[in-house]
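Notes follow the structure.
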Amino acid sequence: MELNLSEIKKIMILGGSCSGKSTLADKISTFTNYPAYHLDALFLNANWERKDFNELLEIHKNILLNDNGIIDGNYIEVLPERIKWADLIIFIDVPTIIHIYRMFHRILTVRLGINKRYGNPEGTKSEFSFSFLYWVLIWNRTQKKKIIPMLELVKGKKIVVISNLNKLDLKKYLS
């Protein structure tokens, strides 16, 4: 199914940590000239802790006032509002082993200066921690199981589930 860009102004990208959400958001932003909003960068402090919930809600509310944009991140507690806002929902669904591989790849390549990490909170680094490894290991069994039922209830929106970012043809959905 092809969609006309004039119909797609608000895009949200969901998926586990290290699935490619931020990278895809930046690619779509380049393609469309829409602003990209990386929720981790906006909702987390430099020490990787969530901002105050009221501050988080205010930031989220202000993002949703925009007539166009790409939002990447899950944050299930504010997901229903983003679902209402979005014209296109992209869910990156990859196996846990891919999340783990990309986590170590990201840490190594960013540390070596080979790649830039998109979507980090200001002042943070992509560092290894056992708590983050644990989060990545359990994401498909915990968080994904919360998101899928929410998406199954969505009516009247285009939802794209992808398992391989290299095979995603943006022009197919945005031209």
Quiz item: What is the range 28-127's relative contact order, in percent, from Cα pairs under 8 angstrom and six or more apart in sequence?
Solution: 39
Quiz prompt | Within a Gaussian network of the chain (alpha carbon springs, distance under 10 Å), most fluctuating of G113, G73, G20 | solution = G113
Quiz item: Quick one: putting +1 on the C-beta of Lys and Arg, -1 on the C-beta of Asp and Glu, what dipole do you get for the chain around its Cα centre, in Debye to the nearest 20?
Solution: 480
Quiz prompt | Selected from M150, M12, M103 as most flexible by GNM, with the chain as the system and alpha-carbon contacts under 10 Å | solution = M150
Quiz item: For the residues L56, L24, what sequence is obtained by ranking on other C-beta atoms within 10 Å, fewest first?
Solution: L56, L24
Quiz item: How many percent of all Cα-Cα pairs in the range 5-164 sit more than 19 Å apart?
Solution: 55
Practice problem: Compute the length gained on full extension between I138 and I76: take 0.36 nm times their separation in residues and subtract their Cα-Cα distance, giving the result in nm to one decimal. | Solution: 20.8 nm
Quiz item: When the chain is treated as a GNM, springs tying every alpha-carbon pair under 10 Å, which of F104, F53, F91 comes out with the largest mean-square fluctuation?
Solution: F53
Self-check item: R111, R102 arranged by Cβ crowding within 10 Å, fewest neighbours leading
Solution: R111, R102
Quiz item: Going by how many other beta carbons lie within 10 Å of each one, how would you line up H38, H105, fewest first?
Solution: H105, H38
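Computed from the coordinates by the stated procedures, all read-outs in this text should not be read as laboratory data. Not measured: the values here are computed from a predicted model. Heads up, the Cβs are rebuilt from the backbone with ideal geometry, glycines too, and the neighbour counts pull from every protein chain shown.
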